[in-house]
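Working notes, beginning with the structure itself.
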Amino acid sequence: MQNNSVHVDLAGRSYDIVIGQGLLAQAGISLAPHFKRKFAAIVTDVNVAKFHLAPLVMALEREGFTTKTVILPAGEKTKSYAHLAETCDALLAAGVERKDVVIALGGGVIGDLTGFASAILRRGVNFIQIPTSLLAQVDSSVGGKTGINSSHGKNLIGAFHQPAAVLIDLDVLQSLPQRQRAAGYAEVVKYGLLGDANFYGWLDQNVEAILSGDNAATARAVKTSCEMKARIVAEDETETGVRALLNLGHTFGHALEAATGYSDVLLHGEAVAIGMVQAFGFSEMLGICEQGLSRKVADHLRRAGLPTHVSDIHLKLPPADAMVKLMYQDKKAEGGKLTFILAKSIGETFIAKGVDEAKVLAFLVKDAAAHGLAKP
Ligand SMILES: NC(=O)c1ccc[n+]([C@@H]2O[C@H](COP(=O)([O-])OP(=O)(O)OC[C@H]3O[C@@H](n4cnc5c(N)ncnc54)[C@H](O)[C@@H]3O)[C@@H](O)[C@H]2O)c1
């Protein structure tokens, strides 16, 4: 397969996303121009290290680099103050200087944490994203949102810090567990739902191929997702407007993640899947979109093996009013009012500010009852 490249146009902070196969083995050659000296610090997690750290280190050392690695525990809980401190201190101990480049090798957790550590280390060092989960390849590695979670909510501590480059090697997905692949697929569908009905139509024909690891279908899904994200980020880097559309399903989803303790009970992409179905359901209840669309979206996501309703979560959730409280910690909340991304149709969404809390409550109660749950 030929390599593909997507440009993220951000004036002085512009960069390229290179998508292809066998790229890890060539990383020493392709990434060298980003380095002032042949020294690379790599941050990764234990799972990714098992499969992909040695090939990356070898590729760099073959080109004369010396490398230092920081290996963190895997999982959402790693996006914490404690691991941020650990990472910064380890990078300083490794001798990272102001003009060095840090490599984030991993999923969205490693990318977000390493990006944030890079943003604050010596007041900012460059970093490169080598995303290894489908979610990170189609979403989190692009756009420069970095950060950690707080006990008050997700991603509440962070910075905008663009990577110097993004290297997407589709081969690394071979070791990704199927549940994680499906979770990443939720963010792929998000692009179709939020602004590209044709892409959604294509996904509807190709969901099984992408989930089963078909390279051509996966390459097209990753490239289209990156193109769309690059376009939106170039238009609105710091999310003062259109970039908020990328949060389709996230106001509901982040509350579900908080309620389930950021654990394996519900992965981020799974929370987004349920949240997107809820966003369509809420839009139906408000009379904004045609009835039945939420069911259509749920049917599609189920084909990917994703949960689509709160009743699919194997944990008792807090009551609806407590769920709404969790939503107020969403970064899109403004002036104490909730913001949602709502849908007019598949491929057409908009930002709804100042949404009435009573309507959200009514929706959550109705949505739970529709699936035989008393109250969430
Ligand atoms: N910055 C952004 O714009 C943005 C966008 C979307 C999501 N996010 C964040 O991304 C995070 C979720 O990312 P994620 O789903 O990649 O989670 P993750 O980083 O926890 O990775 C998922 C799991 O897969 C493992 N893994 C990753 N790549 C692997 C591989 N190739 N082989 C084997 N195992 C592998 C990891 O070790 C982990 O256990 C969340 O914290 C979310 O908030 C950020």
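For the reader, a short list of remarks on this structure follows.
- Amide hydrogen neighbours beyond the local backbone of K344, cut-off 5 Å, H modeled: T349, F350
- Here r is the Cβ-Cβ distance between A216 and F51 and R0 is 22 Å; the resulting FRET efficiency, rounded to 0.05, is 0.45.
- Seen against the Cα atoms of the chain and their longest principal axis, helix 268-285 is set at about 30 degrees.
- Options N149, A258, L364, ranked by Cα towards positive dipole end of the chain, top entry (Cβ charges): N149
- Using the alpha carbons alone, the radius of gyration of segment 1-159 stands to its Kirkwood radius in an Rg to Rh ratio of 0.93.
- Relative contact order for the chain, counting Cα pairs under 8 Å that sit 6 or more residues apart, in percent: 14
- Fraction of the pair-distance distribution of segment 99-198 above 18 Å, Cα-Cα pairs, percent: 49
- From its DSSP helices (H runs of at least four residues, each -39,500 (n - 2.57)), the chain gives a residue-normalised ellipticity at 222 nm of -13000 deg cm²/dmol.
- Rel. contact order, % - alpha carbon contacts under 8 angstrom, at least six apart, segment 1-89: 25
- If R0 equals 30 Å, the separation of the Cβ atoms of A25 and A85 corresponds to a calculated FRET efficiency of about 0.35.
- Tilt relative to the chain, helix 250-259 - C-alpha long axis, 0 to 90 degrees, to 10: 80
- For segment 1-107, the share of accessible area belonging to carbon and sulfur comes to 55 percent (1.4 Å probe, ligands and nucleic acids excluded).
- Entries in K79/K145; K190/K229; K190/K344; K154/K344; K331/K366 that, when Cα-Cα distance is taken, lie over 19 Å: K154/K344; K331/K366
- Dipole size of segment 199-331 about its Cα centre, with +1 on Lys/Arg Cβ and -1 on Asp/Glu Cβ: approximately 80 debye, rounded to the nearest 20.
- Shape call, segment 149-295: gyration tensor on alpha carbons, a/c limit 1.5: rounded
- Where GluC sites (Glu not before Pro) fall in DSSP loop in segment 274-376, at most 12 other Cβ within 10 Å: none
- Shape metrics for segment 42-123, restricted to C-alpha atoms - Rg then Dmax, Å: 12.1, 35
- Kirkwood-Stokes translational diffusion coefficient of the chain, alpha-carbon pairs, 25 °C, 0.890 mPa s, µm²/s: 118
- Computed lengthening from R302 to R231, 0.36 nm per intervening residue step minus Cα-Cα distance: 22.7 nm
- Applying 0.36 nm per residue to the separation of A209 and Q291 and subtracting their alpha-carbon distance, the gain on full extension is 26.6 nm.
- Put D9, D171, D16, D236 in order of accessible area, highest first, and with a 1.4 Å probe you get D9, D16, D171, D236.
- Each Cα pair under 8 Å and six or more residues apart adds its sequence gap; the mean of these over the residue count of segment 60-113 is a relative contact order of 36 percent.
- Only Lys, Arg (+1) and Asp, Glu (-1) charged, at Cβ; the chain dipole about Cα centre in debye: 520
- Working note: Karplus 6.51/-1.76/1.60 with θ = phi - 60° gives segment 165-170 the couplings 6, 10, 10, 10, 9, 5 Hz, where Gly and Pro are set to x.
- Each of the peptides 57-65, 218-226, 137-145 was scored by the mean count of other Cβ atoms within 10 Å over its residues; in descending order, highest first, they stand as 137-145, 218-226, 57-65.
- C-alpha long axis of helix 197-211 to longest principal axis of the chain, angle in °: 70
The values are calculated or read from the model by the stated rules, or taken from the named source; none is laboratory data. Just so you know, these numbers come straight off a predicted model, no measurement behind them. Here Cβ is always computed from backbone atoms with ideal geometry, including for glycine, and neighbour counts include all displayed protein chains. Quick note on the areas: whole protein, heavy atoms, side chains included, nothing else; ligands and nucleic acids left out. Shrake-Rupley method; radii C 1.70, N 1.55, O 1.52, S 1.80 Å.
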